[in-house]
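Structure record follows, encoded as structure tokens.
The values are calculated or read from the model by the stated rules, or taken from the named source; none is laboratory data. Treat the numbers as computed from the prediction; the structure is a model and nothing was measured. Quick reminder, even Gly has a Cβ in these numbers, built from the backbone with ideal geometry, and neighbours come from all protein chains shown. The area values use the complete protein model at the heavy-atom level, side chains included, leaving out ligands, DNA and RNA. Shrake-Rupley method; radii C 1.70, N 1.55, O 1.52, S 1.80 Å.
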There are 2 protein chains.
Amino acid sequence: MKIIHTADWHLGRMLNGKSLLKDQAYILEQFITAMKEEQPDVIVIAGDVYDTSYPSKDAIQLLERTIDELNLSLNIPLIITSGNHDGKERLNYGARWFEKSNVYIRTQLDCMISPITIDHINFYTLPFATVSEVQHFFQHDTVETHQQATDLCLAHMSKEMDHNAMNMLIGHMTVQGGKRSESERPLTIGTVESVDRASFKDFNHVMLGHLHHPFSIDSDYISYSGSLLQYSFSEVSQPKGYRRVIVENDSIKNTFIPLKPLRELEVVEGDYEDAIQEKISIKNKENYLHFKLKNMSHVTDPMMHLKQIYPNTLALTNMSFDFENTYLEQREAIEQLDDNTIINNFYEDITSTELTMTQRNKITTILNKLTEGGNN
Amino acid sequence: MKIIHTADWHLGRMLNGKSLLKDQAYILEQFITAMKEEQPDVIVIAGDVYDTSYPSKDAIQLLERTIDELNLSLNIPLIITSGNHDGKERLNYGARWFEKSNVYIRTQLDCMISPITIDHINFYTLPFATVSEVQHFFQHDTVETHQQATDLCLAHMSKEMDHNAMNMLIGHMTVQGGKRSESERPLTIGTVESVDRASFKDFNHVMLGHLHHPFSIDSDYISYSGSLLQYSFSEVSQPKGYRRVIVENDSIKNTFIPLKPLRELEVVEGDYEDAIQEKISIKNKENYLHFKLKNMSHVTDPMMHLKQIYPNTLALTNMSFDFENTYLEQREAIEQLDDNTIINNFYEDITSTELTMTQRNKITTILNKLTEGGNN
């Protein structure tokens, strides 16, 4: 029995104003090609299929084309659950007709105790739900955290479950200790959203979506597939791909398989002039680039100049202003300096030029006056 | 063989800012109940299923629920084509899975020569297409009118057609001489959009959408089903329902069957005070009302006052301003009157009071001056 686990496709996603639809179509082509080789018994998509609850027609057509290839052409059953980015109703549209071809779309809580059984394995689905949706579903007053909400759902499943069978869970949530990326939208604002891994003890294997790093969590039986692509510059050099889960008798072997995207995200650091003169080290000029450059304060529209040379530039940080990497590290050193030097250094960092003698004198005069004032 | 012909559901339609979704859900319940009785061999929905290309989740859920009942519960095949209001891609979503349960969704021109054959009848579909889409499809330079575009499509079908079989056409267009309603959006701005009925000579029966009146056209073999509901006050007292088409040997019998809506549209004419004092004749206070009232110019917010008594009031016309019904008819009479009288009548119509003697004298003075000026 071979299961393919993927999640967080985020079809229709924009990155810094740039549509990633072409990149998504490209990587899904790679995925389909891989599936022709893999010939799995089922593909699991663990939520965040779309990036928004109101996907564009291009995004829905890309999903349709992809599941058409996987399901109708390659004849592979699919289990699709919804994540916090998906609109339940739109993702669920046509589910009863899809199911006739073994495309199981699960967006509602009431299906949680009806597993999909394929080749003796029970696949339980827990589509993303807010804490208040779970509270409402169970008519339970005291559900306040994702931990409580998940525990209620899992206990509900456990009661109905055949504990002698092999049971797997498909969900969309944060497990405690999971590595975060910037492209994951918080499930709830102001609430601890993570769930203790002990909650999943009744399952032989847990396939999750939400965290975008494929090695978000170190566990024998709980795993994230990671997202389809790098969706933020915090994910630079993270591998992206899918998980192959092989079940033989009682053993489960879970392997991450990387896929090669059309473009990766790349952070390029250095001097502005070097970048403009193409003397800066770049892995691939076609990548989506985030430049972090120094000595560019005198340039009027540095982004425009960069884009003329590197059309896929998506972000630019002026490193003269990068307090985290320069000022903060130097904070202790700063505390040792006198006021004149601090002001001079600040001026130099911001403008890339030194204070003139006239300016220095003026500052000294002002500082002296202030000190005198302070002594009165 | 029994065919049910319906069209122009316009799910998600608003009328004067009021969502008609509840009314649509209600009438579709009536339709489903009727279909349980009718037990047709196929239901044809000839375009404008949705009111917009980007339907709300409530609208898509209503469509899904309806075709679920008709197709999955009652096991009736459906043929659905797109109209000028539908978004082809969204309406077409999942079509290949739907088709496995005999729901045939046709939104693309390339399916025009692939009829759906049910019980020896070939159903040809011509989804709505703009003139330029047809031009592009045939790579033909000189398509400029709906007549030419339709003729090209029909000739293309005719070439492939088995002329000895019974062939029916499902389309979404205006046939010459068809009665128009205000709720139909023009197919193209500035182009004659109607198609000569002689164009359809190769078909035994033509089932159309677009015109909202079920008796839009007087023809033996071309018919409109009309819209699901009255969608503009120009459709007041138009019956709404579906068409039952019975085929026996070579004979085709086509009957309009009305359905009873939750509310009809009603125009109420009279005096404002009578309306407010509920002394005005209204068929059903629960109907969606368009008041056309006189003597209300002194009231600050007449709509608000009317809605307090008739909550389903959707429109209000001040009949003192209704030029079409008062002024224009009286134009000839006006030409016989002198200037003073015309001005006095105008003032009276607008303000519901007469000019004072001071005002009359002032006007006479001005008119005299103007006449003198003209003589110089």
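General observations
- Selection status of B:F291, of a type outside the set (S, T, Y) and either more than 29 Å from the chain's Cα centre (by Cα) or modelled with pLDDT under 90 (or both): no
- Residue pairs meeting the criteria (Cβ under 7 Å; at least 6 apart or on separate chains; first farther than 15 Å from A:I3 by Cβ and without any contact (Cβ under 8 Å) to a residue 40 or more places away in the chain, in region A:63-85; second among the hydroxyl-bearing types (S, T, Y) and part of a loop (DSSP other than H, G, I, E, B)): A:E64/B:Y93; A:N71/A:S101; A:L72/A:S101
- All positions within region A:101-139 that are in a loop (DSSP other than H, G, I, E, B) and more than 14 Å from every other protein chain (Cβ to nearest Cβ): A:M112, A:I113, A:S114, A:P115, A:D119, A:H120, A:P127, A:F128, A:A129, A:T130, A:Q139
- Scanning region A:15-29 for residues that are crowded, with 17+ Cβ neighbours inside 10 Å and assigned to a helix (DSSP H, G or I) yields A:L21, A:D23, A:Q24, A:Y26, A:I27, A:L28.
- Candidate set from region A:59-100 (those that are touching a Leu at 6+ places or on another chain (Cβ under 7 Å), within 12 Å of chain B (Cβ to nearest Cβ) and not hydrophobic (A, V, I, L, M, F, W, C)); member that is most open to solvent (accessible area, probe 1.4 Å): A:R96
- For beta carbons closer than 6 Å, sequence separation of 6+ or different chains, a first residue in region A:226-247 that is assigned by the TED database to the domain that holds A:L11 and under 24 Å from A:P40 (Cβ atoms) and a second that is assigned to a strand (DSSP E or B) and charged (D, E, K, R), the qualifying pairs are A:I246/A:K2; A:I246/A:K253.
- Considering B:V42, B:V103, B:V49, the condition of being open to solvent by less than 20 Å² (accessible area, probe 1.4 Å) and farther than 21 Å from A:N92 by Cβ is satisfied by B:V42 alone.
- Of all residues in region A:264-282, exactly one satisfies the criterion of being acidic (D, E), closer than 22 Å to A:G17 by Cβ and outside any strand (DSSP E or B), namely A:E264.
- Hey, B:E332 touching a Leu at 6+ places or on another chain (Cβ under 9 Å) and modelled with pLDDT under 85 or not: no
- A:V195 being at pLDDT 95 or above, in contact with a helix residue (DSSP H, G or I) (Cβ under 8 Å, 6 or more places away or on another chain) and either buried (at least 17 other Cβ atoms within 10 Å of the Cβ) or under 19 Å from A:G83 (Cβ atoms) (or both): no
- Filtered residues of region A:72-89 (kept if in a loop (DSSP other than H, G, I, E, B) and touching a Ser or Thr at 6+ places or on another chain (Cβ under 6 Å)): A:S82, A:G87
- All conditions but one from (1) out of contact with any helix residue (DSSP H, G or I) (no Cβ under 9 Å at 6 or more places or on another chain); (2) at negative phi apply to A:V267; the one that does not is (1).
- Verdict on B:K285 being assigned to a loop (DSSP other than H, G, I, E, B) and either open to solvent by 30 Å² or more (accessible area, probe 1.4 Å) or touching a residue at least 24 places away in the same chain (Cβ under 8 Å) (or both): yes
- Per the listing A:L169, A:L187, the residue uniquely crowded, with 17+ Cβ neighbours inside 10 Å and either without any contact (Cβ under 8 Å) to a residue 24 or more places away in the chain or under 28 Å from A:K22 (Cα atoms) (or both) is A:L187.
- If the condition is being over 21 Å from B:S216 (Cα atoms) and either open to solvent by 70 Å² or more (accessible area, probe 1.4 Å) or at pLDDT 95 or above (or both), then region B:250-262 contributes B:D250, B:L262.
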